[in-house]
Each structure stands twice: as C-alpha cells, then as structure tokens.
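Read the structure below first, then the notes.
The values are calculated or read from the model by the stated rules, or taken from the named source; none is laboratory data. Quick caveat: nothing in here was measured; it's all calculated off a predicted structure. Here the Cβ is made from the backbone with ideal geometry for all residues, glycine too, and neighbour counts use every protein chain on show. These area figures cover heavy atoms from the full protein model, side chains too; ligands, DNA and RNA do not enter into them. Shrake-Rupley method; radii C 1.70, N 1.55, O 1.52, S 1.80 Å.
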Amino acid sequence: MSRNKATAIHLSSETKARRRFLLLYGFFVLLLIGLSILFYYRSQEQLMFSQQRIRMMEYASVQARRLKHLHRRFPKETKYPRDNRFESAIYDLEYQKIFSTLTEPKVDLHAVIYQVGEKIHLVKVLDDYYLGAKYLIIEVARDGQWYAGIMKRILLYALPALLGLMLLGIYLSKLFVQPMQRSIVLLDRFIKDTTHELNTPLSAILTNIEMINREEMAVDNARKLTRIEIGARTVSTLYEDLKFMVLEQGRVTQSQELDLLPILQSRLEYFSLAMEAKKVTLHKELVPTLITVNRGLIIRVIDNLLSNAIKYNKRDGEITVTLEEGRLMIEDSGIGMSQVQVEGIFERYSRFNETEGGFGIGLNIVKKIVEHYGMKIAVESTEGVGTTMILQWSKT
Amino acid sequence: MKKIILILTLCVAFAYGESSFARECVPCHRQKDISLQKVFMDALLVYGGKENMKAGLAYYFRNPRMGTSVMDEDFLQKNGIKAVTKLSPEIMDEALEEYWKIYTVMGKLR
C-alpha cells in the first residue's frame, strides 16, 4: 500500500497509541524479568543455605557444648568460647544480648538461616538456657564465588531475554497500530481522490452564483440563492483545507510581509453571509498589523478560525474579532468546550461536535501552519459561555 | 499498722544502707550454707531471662512446692522446701532485682 504525502506524516494519536503500548509492554517485561531474577536468586540462595546449614548446625552443636561447660564453671571461668571457623552470639529469652562476637550485629531471632551483608547467620534455639541463652547465632562468611556465579548467570540469561522481549514488543506494537495505519491511508486516499473531483464543479457553482442578477429575482428565490451561496462557500473552505492537506502541505512556500487588516476584512466579508444566516452579530476592533507569512496559508488559518466560530456559535450569538499588533483574537459566544476537549482540538480528524459537519482537519491545519511560522495559538473556553482563539506572533 | 511497720523497716534499712536482698535473703542462705550463685545458675538454666526469672522465683516464694521449684531432687531432699514468704511484693521485687544484678552473666563474659 503506497502512501501519499499526507499519510507519510503519522497521526499523533497513532504515535501516542504505540508509545502507550510500548510503555505498558516495557513495564510488564521489566516486571516479569525482575520477578524471574528474584525467584531464581531466592531458589539459588535456598540451595546454598541448605548446603551451609549442615556445616553451621555442627558448629552450633559444638558451641552449645562449650556454653554448657562455661555455664557450670561460671563465674570462675568467664572467657566466652571462640572458634576461628565461625563467630557467634547468645541472646536470652527476652531477646537481650548476653554476648556477641558477630561482625554483622544485625540479627533476626525469628529466622532460621539468613544472609546479612557478606555473612550468613544461623539461629539455633537452645533447649537448656546455658548462661541464660535461648538463642545461639552462628555466623560464617558468604561464599564470594557463589555470589559472583549467580550474578554472572543472571546477566547471561536476563540481558538476552530482555533484548528479545523488547524486540518482540516493537514488532507487536507495529502489529498493534497496523489497522489504524491502514484506516488512515484509506481515509487520506479517499480525501485526495475526492479533492481532485471537487474543484471543477465547485468553481462552476460559485462563478455562476456570482453571475446571477439577484435584483431581477423574486425575494423568495433570492433568499434560496443566498443559502446555496453559503453552502457553496462552506464547501469551498473545506476544499481549500483538503487541498492544503493532501497537495500543498510540506511544499516550500513564499513568505512576505503583509498587512493582515485587508486580508481579515476580506475574509470577514466572505463569511458575512454565513453569519447573517445564523443571525450572529459581529464586533470588530481592527488595526493595521504587519505579519510575515504566506498569504494563502494565513487565509487558511483565518478561515478555519472564523468558520469554527460561526459553526459552533449559537443562533443570535456574537463574534468579536480583535486585531492588534502581534495578536489576532476571535471570540465566540458558542457552546464552549471542556478542558479535555480543548486538549484534543488540534488532533487531526478530531471533531468536537458530531452534529456539525467537517472532517476534523481544520484546526490541525491551523496548528501546522502556526508551528511552521513559530507563532503561538492559545484556546480559552468555558462550557456554555464560548471560546476564544488567540493567535500570537512576534511583531515585525 | 502493717504499713507503718513496713515504712519503719524501710527507713531503718535505708539508714543502715542495707539492701532488701542483703537483709532478707543473704542471712538465711548463709546460715543454711546454700550458694546463692549456684541457685542463680540453676534458675537461669530454666528461666533464661531477667523478667522471667523474677516472676518465676516470686511465684515459687509464694507457692513453695516440689513442682514449682527449679532445684533438683537432691537439693530439695537435703534442704527441704522453704516456707511461704512473708515479704511484700515490693520488697520481693527489690530483692530479686538486686539478686539479678549481683549474679547476672551479662557484662561479665569476656
């Protein structure tokens, strides 16, 4: 399936969906590998403990015998028995330390065998409390080679597994967005084909409407003709958007310093019929303002902002257009939008209101042009009150 | 009346600097030639901790029987069962505390 110029630029929602999928996938892969490492480490640790335990239990028996001996000779003999194979400590029934030679002083008297730092502790509960000791702790050094071996094996298996699973994730993410990509390609192709077919009949309609002498027509017919003209102009605006999107986007455009005032006035005149039809009152505060842009592109921006202000306005509503140095503000008294809707209005194919027509490409075009010229566009909207679109650019 | 006697006894004891343990335990053990150290080590073997030992010995002093003693049969046959204590709980606790401090293993091993 070939892609035209428009489809080559991926939808931001498609990228978002893919990013979200990869994030979620990555999280679960890391969780899975992390848990696998933990279980593997714990099982190997238990294996090592079971090997160490036999030896340490022998040491504990030896030490218990020595404690018994010392208990009988105390206080004549007070030297705590030591052994160069291990360190030890004794705690009483109330967990009070009686004596300790441990190098790792942190003990867990409720455990049987555990690792603390570089040492392994074995806790033996004594039957007779010689010297008052209920708990005898034997400490030996952890096998350094065992630890290095475990870490080496973990890295050897976990890293390739992580790499493999991440590659699988990328492949899956492609599969995941494929239906979406296919729909976009089809939609774009449809729009491109339709755009080509629209131009000739639309031009014919608009030219012929202008040629008709309304003064010779009956009032009722003149009103009907006005409605036809509004409809044709709406289609014309849509056609210009589609043409920009599928044919002109990405082309190198010639920018020049323009006075925005006459352009804006001409566009307001162009939309005046649509405003009249909806009984929308226009308020203007316009001053001559210079801007360096391509004429066709700035007309796309103005047309889209004005057509939205009319389309989403209420009957007998108001539109206030303010043009001042570095700023164009179009304020409507329409139904307004929620914060969530405001955040998504520049998304391509995003339509704010299903009851109104359109492809949902107008504001996406506005955003692209605004970004192209390094301008800024802000949206202020309150549900039930209206929306204000503020276009700002650096003063020339 | 009993309280007054107890307070007077304590005042005299303090005046002469003699502890409850030295006053209430040592004379009798000395007279019967029973080593306080040996008794302590035998009790420690069974009770294994300060509070447990104090509670166990206090119970034995109030209920002296073969079944509540930690001493072996030979010792009991030779020395018999002691009489029920007349010491108040406060005095007994003080004496046992002193006993633990003097004979404890903690801090004496090297």
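Considered as a group, the residues in the range B:57-76 that are in a helix (DSSP H, G or I) and surrounded by 17 or more Cβ atoms within 10 Å (Cβ to Cβ) include one that is farthest from the other protein chains (Cβ to nearest Cβ), and that residue is B:Phe61. So, A:Leu131, is that one part of a helix (DSSP H, G or I), surrounded by 13 or more Cβ atoms within 10 Å (Cβ to Cβ) and within 13 Å of another protein chain (Cβ to nearest Cβ) or not? Criteria met by A:Leu131.
Residue selection: A:Arg182 satisfies the criterion of being charged (D, E, K, R), open to solvent by 50 Å² or more (accessible area, probe 1.4 Å) and either touching a residue at least 60 places away in the same chain (Cβ under 8 Å) or in contact with a His (Cβ under 8 Å, 6 or more places away or on another chain) (or both). Going residue by residue through the range B:27-45, is there one that turns out to be within 14 Å of chain A (Cβ to nearest Cβ), touching a residue at least 24 places away in the same chain (Cβ under 8 Å) and among the charged types (D, E, K, R)? Yes, the range B:27-45 has at least one match. Restricting A:Val123, A:Val107 to those that are part of a loop (DSSP other than H, G, I, E, B), open to solvent by less than 50 Å² (accessible area, probe 1.4 Å) and more than 7 Å from chain B (Cβ to nearest Cβ) reduces the list to A:Val107.
State whether the residues of the range B:77-99 include one that is under 18 Å from B:Phe40 (Cβ atoms), within 14 Å of chain A (Cβ to nearest Cβ), surrounded by 14 or more Cβ atoms within 10 Å (Cβ to Cβ) and in contact with a Leu (Cβ under 9 Å, 6 or more places away or on another chain). Within the range B:77-99, one or more residues are under 18 Å from B:Phe40 (Cβ atoms), within 14 Å of chain A (Cβ to nearest Cβ), surrounded by 14 or more Cβ atoms within 10 Å (Cβ to Cβ) and in contact with a Leu (Cβ under 9 Å, 6 or more places away or on another chain). Once the range A:61-104 is narrowed to residues that are out of contact with any helix residue (DSSP H, G or I) (no Cβ under 9 Å at 6 or more places or on another chain), in a loop (DSSP other than H, G, I, E, B) and open to solvent by less than 40 Å² (accessible area, probe 1.4 Å), the residue that is nearest to the other protein chains (Cβ to nearest Cβ) is A:Thr101. Name the residue that is nearest to the other protein chains (Cβ to nearest Cβ), counting only residues in the range A:30-60 that are over 25 Å from A:Met151 (Cα atoms) and open to solvent by 70 Å² or more (accessible area, probe 1.4 Å). Top of the filtered list is A:Met57.
Scanning the range A:303-321 for residues that are in a strand (DSSP E or B) and either under 21 Å from A:Trp393 (Cα atoms) or free of Cβ contacts under 8 Å to residues at least 40 places away in the same chain (or both) yields A:Glu318, A:Thr320, A:Val321.
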